[in-house]
1. Around B:Leu218, under 15 Å between beta carbons, what's the net of Lys plus Arg minus Asp minus Glu among the other residues?
2. So what are the stretch A:284-428's ellipsoid semi-axes, whole angstrom, largest first, if each one is the square root of 5 times an eigenvalue of the alpha-carbon gyration tensor?
3. Rounded to a whole number, what is D in µm²/s for the stretch A:158-229 from Stokes-Einstein with the Kirkwood radius over alpha-carbon pairs (37 °C, 0.692 mPa s)?
4. So if I place +1 on the C-beta of Lys and Arg and -1 on the C-beta of Asp and Glu, and nothing else carries charge, what would the dipole magnitude of the protein assembly as shown be about its Cα centre? I want it in debye, nearest 20.
5. Please report, for the Cα atoms of the stretch A:463-572, the Rg to one decimal and the Dmax as a whole number; what are they, in angstrom?
6. Hey, what did the stretch A:387-457 get for relative contact order, percent, Cα under 8 Å, at least 6 apart?
7. Loop-only chymotrypsin sites (Phe, Trp or Tyr not before Pro) in the stretch B:5-54, please: DSSP not H, G, I, E or B, and at most 14 other Cβ atoms within 10 Å.
8. The stretch B:1-60 to the stretch A:80-135: how many Å between their Cα centroids?
Amino acid sequence: MDFNLVIAGEAGQGLNTLNFVLSKILFKSGFHVYSTKDYESRVRGGHNFMKIRFGDTKITAPKDEQDILLALNKAAVEIHQDFVKEDGIMIYNGESYEGELREENQDKEIFSLEAALIADDIGNGRVANTVFVGVLLKLLGLDLKVAEEVLGEYFRRAEDIKGMNIDALRKGYEKAEVAKRRFEMPEVTPRDNQILINGNQAIGMGAAVAGVQFYSAYPMTPATGVMNYLAKRQNDLGIVVEQAEDEIAAIMMALGGSYSGIRSMTGSSGGGFSLMVEALGFAGIAEIPLTIVNVQRPGPATGLPTRTEQADLLFAINASQGDFPLMVIGVKDAEDAFYQTYRAVNLAEKYQMPVIILSDQFLADTEINLEAFELDTLQRYNGFISDEQAEGISDYKRYEFTEDGISPLAYPGQMTESVVLIDSDEHDEHGHIIEDAETRVAMVDKRHDKIEKLILEDLEEPEYIGPEETDYLLIGWGSTYGPLQEARELLEEDGYNVGLLTFSDVWPLPIEELEDRIDNTVSIMVENNATAQFSRLISSETGIMVNHEIVKYDGRPYTAEEIYDAIKEEVID
Amino acid sequence: MVNPEIYEANRETAWCPGCGDIPLRQCLAEALAEMDLKPSQVTMFTGIGQAAKMPHYIKVNGFNGLHGRALPPAIGMRIANPEMKVIVESGEGDTYGEGGNHILHNIRRNPDIAHFVHDNQIYGLTKGQASPTTGEEMTTSTQPNGITARPFNPIKFAVAMGATFVARSFVGKKEHLKAMMKAAIKHKGYALIDILQPCVSFNKVNTYQWYMKRVYELGDDYDPTDYDTAIKKADEWGDNIPIGIIYKAEGVPIFRDKHPQIGDRALVKEKKEPTEFQALIDEMK
Ligand SMILES: Cc1ncc(C[n+]2csc(CCOP(=O)(O)OP(=O)(O)O)c2C)c(N)n1
Ligand code: SF4
Ligand SMILES: [Mg+2]
């Protein structure tokens, strides 16, 4: 059983705080929470909204249909009224709604409240949004205890502000008495060991836990959240976040850090990632460990800065001239984002190569509750030689030929008798420039051997959900994971045999599970881009042509119903 | 003093005979030796070009990266390791052209880095196109009508930006160059030396003789700590070219000072286990 709440208004109206506080209250009360953001690239005005979906079972996707609309301005009612259920309610920020509801929405309840007046009475206009928190809790039949705790924590630094917010909360609760609609909430109890986290935070946390000591980046929506997460904690962690002068500097700084022996990472969105491309290949030939996160937004060029898409896949895999080892991981949800980032940093060091994490705005800004990550299950892979080993070396070869292509990794200053030389030119074992054909071929092969090893030892097959025998096989990668899960369940409820195969590792492409499951079923690729890029990757790597492609490229994430409807229309009917 | 031979500055190079990079390398090896540094205590970051090949021709830790991008990775090292002597070395095309944005912002950061720019007023490696410092009157294969932009004045730029150590030297004055290199390496903060380095193959205007006739050493009466004097001196070019420390400011906070959370710690020596980060999880509860 789940409920849907939309908070809508314009930029600058405090939607973010409201969303944060409400999500936290619901989370702390014991609900499963799933909140998404839809915002414009502006600081004031425009139209933004946040959806909070919550209930007593795990939620994996956003939903269009709404139980409650909290409209902070008139436009919010105009835009969202159709999505409010017949038995839903609209809460309007004003004395009374001056507009006309559309014909089909006439019967929907609209409850108006001039929160600003109440806030002024309390003595601070800025507590108006908290009045609505009280209203919502009343309608949902929840008590104020958890809310008071959450507000107390949020405003812990200012006792007077905290008091005024709690006043506002109670006033809202009282005022909502006259609203007709009440919702029956399922019984939930607060659970220990749960966290509330979004995709960008999960990546930042994964990086920190992996021991990343240096994050250099240039701000670009929607990737800035990763940088914010780490910067906010850099003093506690004793690590460094540096805002570079541009993305080329960002990636080169990280490579300098990595060469110097510290775990380093950079991140951006497509535009910034484009600028990093030459250095990506440099990391490949110079064999420098590096983790890069690309939080995708719709392109090309500036595209839609605050919206979502999965259209950088083929670009990421093919970025930079020449052949070199590269790994690309498309993260599926906040949990996957945490563990995969941790894994990426370690694999980058193990294989001394660049690893790209592909996330997107949808995942970046979606906040969900999760079982707390288990840190004692994580193993740190130390790629550097030990100080004792380093002492014995008098003629260090950064690119020494070895069985598996991985050369012993040392950092400058680690060996008193030897130096570390890396080069973006083709080079010999010592790192010196060469021109001869033989060494060139040997070095290309050496670098390629690392990928062979990675495929054998570390590549992960996609996750499969569903029955062994299927009539339909849904295929996806990255952040469509959640909506695809719910879509699969909806189809299953209709009596279809449906499986779901979702990839995190997309390059190198794991093919075993896919080849095992693709026969004797109708395969349906679902992607958040215009040209079904993953489908093209699969066909170029394996020759497999999926039967149907469902794509979406309006800059918005999929809901489960959208996928379900598309499959019903385009495939089943 | 260590023996300069440990730097192996006699390695065979791909530079042209007579190239100004050759004596420059010798000066560098001697300067490092006189400072009692061992090869493992020095790291050189370079871009791409003739000058940028230096880490292959002298034994120090080396990072031969991308054209124009020698400075940013040096910043990464400055965070990892406070003890290493960090030298950035590249051509003037690499530094002032392709990498212009980086020098601009690294002067602002004031990292503890010695930056040696081999200024031959030409693109050497790509065979003689104009660089940012090429004289306006010159014609090249790609600029048959002459250079389309006025020359860049690196000294004036750096002084005006408040770089904390700005010097010029000339490979034809070896003792001078060595002294400048040592002063730059010792300087706490960002130190730029624009080193006049004749390209015998492609720059037929700015030859050894051309420089020899014009350069003069700044005397003891010159006060490099005075900004107004320095900015005036920075404009001198043509018949008389001053070499020496043009501008110097002491006591300006360096890049690492702006990251108090790492203090003097060598991050490179710290390796944390995942379980040490439980607090990050607990704060999300
Ligand atoms: C991105 C990129 N663009 C262009 C080049 C080609 N290139 C290599 S070195 C160079 C110019 C070198 O001039 P300078 O930095 O003055 O060094 P010099 O060879 O004169 O020492 C150019 C254009 C390159 N390697 N990479
Ligand atoms: S081309 Fe010029 S700069 Fe390059 S090695 Fe020859 S003389 Fe030196
Ligand atoms: Mg040059």
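1. Values: positive: B:Arg168, B:Lys173, B:Arg214, B:Lys232, B:Lys233, B:Lys248; negative: B:Glu175, B:Asp194, B:Glu217, B:Asp220, B:Asp221, B:Asp223, B:Asp226, B:Asp235, B:Glu236.
That sum, taken over residues with Cβ under 15 Å, equals -3.
2. With the √(5λ) rule applied to the stretch A:284-428, the semi-axes are 34, 21, 11 Å.
3. After rounding, the answer is 193 µm²/s.
4. In debye, rounded to 20, the protein assembly as shown gives about 3840.
5. Radius of gyration, then largest Cα-Cα span, for the stretch A:463-572: 12.7, 36 Å.
6. 30
7. none
8. After rounding, the separation between the Cα centres reads 73 Å.
Readers should treat all values here as calculations from the given coordinates under stated rules, not as data from a laboratory. Computed from a predicted structure; not experimentally measured. Don't worry about glycine lacking a Cβ; one is built from the backbone with ideal geometry, like all the others, and counts go over all protein chains shown.
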